1. Pick out, in residue order, every one of the chymotrypsin sites (Phe, Trp or Tyr not before Pro) in the range 1-96 that is DSSP loop and has at most 15 other C-beta atoms within 10 Å; say none if there are none.
2. What lysines sit close enough to K20 to cross-link, taking a C-alpha to C-alpha distance under 19 Å and skipping anything fewer than 8 places away on the same chain?
3. Under the 0.36 nm per residue contour assumption, what length would be gained going from the current alpha-carbon distance of A2 and N91 to full extension?
4. Quick one: among E244, E131, E85, which has the greatest mean-square fluctuation in a GNM of the chain with alpha-carbon springs under 10 angstrom?
5. Report the Cα-based extents of the range 11-114 along its three principal axes, largest first, to the nearest Å.
6. If you average 1/r over every pair of different alpha-carbon atoms in the chain and take one over that average, what Kirkwood value in Å do you get?
7. I'm a student and want to see the number: the projected area of the Cα convex hull of the range 267-320, averaged over all directions, in nm².
8. Would you mind telling me the share, in percent, of accessible area of the chain contributed by carbon and sulfur at probe 1.4 angstrom?
Amino acid sequence: SALPTNARVTALGGSLIAVKDDDVALAQMNPALADSAMHNQISFNHNFHFAGINNGNVSYARLLKKWELMSHYAIQYVSYGDFTETDAFGNMNGNFSAGEVALVSGVAKQLNSRIRAGANLKLFSGSYATENALGLGLDLGFYYQNPGSVSSLALVLKNIGAEIIPLGDSANLLPFDLQLSISRKLKHLPFRFSVIGHHLQNWYIRYDDPETDIQSNIFGEVTTKSSFSKNIDNFFRHLIFNGEFLIGKREQFRLRFGYDHLRRQELKVSSFRSLGGFSFGVGFNIKRIKIDYGIGNYHLAGAVNHISLRFDLNRIFSKI
């Protein structure tokens with residue numbers, strides 16, 4: 001569930017929890033974002049990952065008028081591909097596959113004029129050759145915005161839960177993540193930016209590697225990074241920065257970019273420069289279809305390509 005839910009999120013650095021519009025896949029990131037603008041929207045998302053790995057989801061939202069709740073549903077999947085099965089002596093005994101599926105169901109409700117709250121219930125299932133695992137998780141999300149304001153805030157408690165059927169000898173907790181975000185749309189420029197803080201439940205998430213912590217100055221003197229330098233690096237590893245240009249009267253065309261400092265630092269190769277941590281994308285409307293493309297750079301080995309299609313079933317069936 002830490003994977004980007006659609007191409008838009010990939011283009012924006014991997015997270016977007018404080019922007020509420022008609023993009024139904026965002027409700028998987030923050031359940032409080034499920035909104036009436038998503039009613040009868042369906043989204044198909046597929047991410048071409050590395051080494052034959054693929055992941056994606058299908059999501060749908062519907063307004064429950066009787067209870068004044070906005071509901072959404074999703075099927076998430078990850079395929080790790082096929083592997084060669086060998087024994088301890090290297091003899092090939094056939095092939096096996098590995099993959100995961102998750103069912104997500106969530107609701108959101110407007111508590112007052114400023115605060116919206118939501119919850120997602122998630123059932124995870126994993127199959128790895130002859131081993132299987134099952135997990136249950138809960139996301140709690142909150143969204144805050146003053147009426148008419150161009151700024152918004154969000155808080156998400158992600159992955160509260162544990163394995164029901166463990167993969168190993170004992171059940172593990174899900175990777176809990178406390179997230180906080182601010183988003184602001186500029187008044188005189190068609191641009192919106194967001195800053196997302198993640199893993200805020202743990203302050204120090206930096207791995208201290210003696211080899212990478214060694215640096216040299218302009219005089220060639222070798223020194224070790226100071227505690228201040230490490231803490232600054234650690235601080236920015238908690239943050240994702242992104243921006244989205246909203247072009248056109250109805251914002252039909254969008255240009256996007258993002259930066260994830262944690263991804264860049266953990267996947268960098270010290271002797272080479274790369275675009276690791278940076279992401280880009282584009283979105284546009286063709287009649288009743290919304291198409292998004294995002295590219296996320298992870299490593300020198302390459303980038304992932306994410307494609308999303310969104311349909312408004314209200315508009316499609318009204319034309320039939």
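1. Numbers: sites: F44, F48, F50, Y60, W67, Y73, Y77, Y80, F83, F89, F96; in loops: F89.
When the chymotrypsin sites (Phe, Trp or Tyr not before Pro) of the range 1-96 are filtered for loop state and at most 15 Cβ neighbours within 10 Å, F89 remain.
2. By straight Cα distance, K20 reaches K109, K158, K185, K187, K249, K290.
3. Working: separation 89, 0.36 × 89 = 32.04 nm, distance 3.59 nm.
My answer for the length gained is 28.4 nm.
4. It is E85.
5. That works out to 66, 29, 20 Å along the principal axes.
6. Details: mean 1/r = 0.0470 Å⁻¹.
One decimal place: 21.3 Å for the Kirkwood radius.
7. Working: hull surface 17.8 nm².
Seen from a random direction, the Cα hull of the range 267-320 projects 4.5 nm² on average.
8. Carbon plus sulfur share of accessible area: 62 percent.
The values are calculated or read from the model by the stated rules, or taken from the named source; none is laboratory data. Remember, predicted model here, so these are calculated numbers, not experimental data. Positions of Cβ are generated from backbone atoms using ideal geometry, with glycine treated the same way; all protein chains shown enter the neighbour counts. Please note that ligands, DNA and RNA were not included when accessible areas were found on the heavy atoms of the full protein model with its side chains. Shrake-Rupley method; radii C 1.70, N 1.55, O 1.52, S 1.80 Å.
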